[in-house]
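**Student:** Before anything else, here's the structure in question.
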Amino acid sequence: MKRLATVCFLLLSASGLASGGLAPAAEPASDPRTIAATKLVFLPGNFLVNEEVDRCVKIMKDAAAAGYTGVLVSDCKFSRWEQRVGDQRAQYDGNLKRLRQAARDLNLQFIISVCDQGADLLSGDPNLAEGMPVEDAPFLVKNHRLVPADDDMKLVNPGLEAADNGRVPGWYIDELGRAGFVDTQVKVEGKNSIRFEDIKANSPVGNGRIIQRVRVKPLRYYHLSVQVKTEGFDAPGTFNILALAFPKGTSEQALDHQQFALKPTADWTKYEIVFNTLDSEEVGIYIGSWGGQKGKLWLDDVRLEPGGLVNLIRRPSLKFQVTSADGKTVYREGRDFVKAVDPKLGNMPFLGAFQTWYQGPLVAVPSASRLKEGQRVLVSYSHAMIVYGYAVFACWNEPKMWQIMGRNLKTCHEVMRPDGYMMTHDELRHMGWDASCRKSGKTCGQMLAANVKRCTEMIREEDPGKPIYVWSDMFDPNHNAADKGKYYLVRGEAPFVGSWEGLDKDVIIMNWIAQEKTLAWFAGRGHKQILCGYYDAPSEKMTDWLRMAVKYPGVSGVMYTTWANDFHELAKYARIVDEFKP
């Protein structure tokens, strides 16, 4: 499901059409009556549950009564068919057919989401995940196991124990002495903790954080954790852990960033992230509250350790290599050490579910191995990454990915017989780092262009003549295909420039950014556009967007788009669109 990111440090450019400015096209502008003629409803659900189908049928009836013409239905299981077997599969197919028949009975167009390339597709094979490369990470042979032993990255004063006249060596503390304090009375271990108190009243910018910049080696994998305690902490959604890279010659890049929902009052609790240093030699560690309000927040026991083999990916295109410390001897898997496998990869607690951190596998060293107890070795491998706490993505350059996607698409067609297909290419946040991608010789923008083109061709081959839709963001130079800056964990500067070259002109753009430059961009390329409004905000906001849209040709409809399953403005939204006059 699409989420609107609000992370303050994302370097997304909205400064103009760097790939060619577009004035309103010379073709006739869009007629408001044409826009209002197509009104869709975004309708996600868990259609394995009978009551959920009942709920969605009721929404469809309400939509038809309000003048809507179609629904876009979505369920993660559209890409998990191989896991739906036996009685469960029969129930699921039956529920989908019931939902489809309801759309026919109500004369509603029935569009389905397909071509997912995230964790749902990876339920078919978690080892197809895009890999983060690790090069020459130090391990130690200990108790006949390969144990992570990377001490090349060290935090200064990680336990926050050292303090001198209220100062904390190694750490920058926001508003130390005003909002931030060394607390010797409350701590989870050791001598003291760091306490932030009434941040809004005592910090000009409202931040209560501890920060440290450290030197690192590229392509290393780490686990960062901190203990947190709260008391009357009135600042929901403000606590973050961030690892920010400062690569030479390019803009900074967030290696991982997670926001945690703290309880206002809670005892010591561990929070954690993992990150790969990528091509950086310096990383900033940021822990604390951005925009804190009232109450107390304690931080203690910051720990940084090697990531080891957590979320280890094994497939032929990605190497797993163990060498001597000098790199001259390469040890053999199956002889010097047993095959390295992580059975928990993409399988916690079920297939297609990835977890950020857990006890990773330890590789056994047989007694007949050339590796000796206490020996230091270097290990190179690849691991999966959960981007910003919820998303994992498949590697686009693995043939098996296309086999799984093709089977999913065929089953969707056979079971539901839809009127159209929505490609779920949006917020694609991890690409270009593993060996499969690098061997392609393409930029990430070129890879995305090739991917969406192939998906389009697959849909046409499976179900010729049906309309095909795609979200706007990954093909818009004013949004995620900007001409400058980094984008999440995608490799390169301005990584998705040129992605739009893979879009055929008859692919309909599901536009979810209410800005004129975006309207102009897709109109200039000859695409039809659907305005995906509402977004759990007052429906009146749609009027300004419609006023912009009528200037451009090809705007052919709207969609009521909710991510909170909030349909209370369904009729009102339709009425505002129907009654709009420029």
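**Student:** Among the numbered criteria (1) in a loop (DSSP other than H, G, I, E, B); (2) within 32 Å of the chain's Cα centre (by Cα); (3) at pLDDT 95 or above, which single criterion is violated by V186?
**Tutor:** (2)
**Student:** Still on this structure: Restricting the range 75-91 to residues that are surrounded by fewer than 21 Cβ atoms within 10 Å (Cβ to Cβ) and not charged (D, E, K, R), which is modelled with the lowest pLDDT?
**Tutor:** In this case the residue turns out to be V85.
**Student:** Now a separate question. Among the residues of the range 449-456, is any touching a strand residue (DSSP E or B) at 6+ places or on another chain (Cβ under 9 Å), within 23 Å of Q403 (Cα to Cα) and without any contact (Cβ under 8 Å) to a residue 12 or more places away in the chain?
**Tutor:** We begin by selecting, within the range 449-456, every residue touching a strand residue (DSSP E or B) at 6+ places or on another chain (Cβ under 9 Å); these are 452, 455-456.
Those still in the list that are within 23 Å of Q403 (Cα to Cα) too: 452, 455-456.
Subset that is without any contact (Cβ under 8 Å) to a residue 12 or more places away in the chain: none.
No.
**Student:** Scan (1) over 30 Å from A384 (Cα atoms); (2) among the basic types (K, R); (3) in the same structural domain as L262 (by TED's automatic domain parsing) for the single condition R167 breaks and write down its number.
**Tutor:** For R167, the failing item is (3).
**Student:** In addition: Does any residue in the range 508-533 that is farther than 16 Å from A29 by Cβ and modelled with pLDDT under 95 come within less than 7 Å, Cβ to Cβ, of a residue that is among the β-branched types (V, I, T) and part of a strand (DSSP E or B) six or more places away or on a different chain, and which pairs are these?
**Tutor:** W512/T561; G533/V558; G533/T561
**Student:** Now for a different question. Among the residues of the range 521-557, how many are closer than 16 Å to H479 by Cβ and either part of a helix (DSSP H, G or I) or outside the structural domain of R575 (by TED's automatic domain parsing) (or both)?
**Tutor:** Counting residues in the range 521-557 that are closer than 16 Å to H479 by Cβ and either part of a helix (DSSP H, G or I) or outside the structural domain of R575 (by TED's automatic domain parsing) (or both) gives 6.
**Student:** Checking the conditions here, which among L262, L255, L278 is more than 20 Å from the chain's Cα centre (by Cα), of a type in the set (A, V, I, L, M) and buried (at least 17 other Cβ atoms within 10 Å of the Cβ)?
**Tutor:** L262
**Student:** Out of all the residues in the range 243-258, is one or more part of a loop (DSSP other than H, G, I, E, B) and either among the hydroxyl-bearing types (S, T, Y) or under 19 Å from E305 (Cβ atoms) (or both)?
**Tutor:** So far as the range 243-258 goes, yes, one or more of its residues are part of a loop (DSSP other than H, G, I, E, B) and either among the hydroxyl-bearing types (S, T, Y) or under 19 Å from E305 (Cβ atoms) (or both).
**Student:** Now a separate question. Could you count how many residues in the range 204-231 are touching a Ser or Thr at 6+ places or on another chain (Cβ under 6 Å) and either surrounded by fewer than 18 Cβ atoms within 10 Å (Cβ to Cβ) or farther than 25 Å from A163 by Cβ (or both)?
**Tutor:** Qualifying residue count for the region: 4.
**Student:** Among A571, A514, A520, which is surrounded by fewer than 21 Cβ atoms within 10 Å (Cβ to Cβ), touching a helix residue (DSSP H, G or I) at 6+ places or on another chain (Cβ under 8 Å) and closer than 22 Å to H425 by Cβ?
**Tutor:** Numbers: A571 fails: closer than 22 Å to H425 by Cβ; A520 fails: touching a helix residue (DSSP H, G or I) at 6+ places or on another chain (Cβ under 8 Å).
One residue alone meets the criteria, A514.
**Student:** Taking the range 336-347 on its own, how many of its residues are buried (at least 19 other Cβ atoms within 10 Å of the Cβ) and outside any loop (DSSP other than H, G, I, E, B)?
**Tutor:** 1
**Student:** Further, regarding this structure: Give me the strands (runs of 3 or more DSSP E) completely within the range 72-179, filtered to those with at least 3 residues that are free of Cβ contacts under 8 Å to residues at least 40 places away in the same chain and touching a Gly at 6+ places or on another chain (Cβ under 6 Å), ordered by residue number.
**Tutor:** none
**Student:** To continue, here is another question. For the range 197-241, how many residues are acidic (D, E) and under 24 Å from N157 (Cα atoms)?
**Tutor:** Residues that pass the stated criteria total 1.
**Student:** So which residues in the range 368-389 are surrounded by fewer than 20 Cβ atoms within 10 Å (Cβ to Cβ), among the small types (G, A, S) and either modelled with pLDDT under 95 or assigned to a strand (DSSP E or B) (or both)?
**Tutor:** Passing the criteria: S380, G389.
The values are calculated or read from the model by the stated rules, or taken from the named source; none is laboratory data. Since we're looking at a predicted model, the values are computed, not measured. For neighbour counting, all protein chains shown are included, and Cβ atoms are generated from backbone atoms with ideal geometry for every residue, glycine included.
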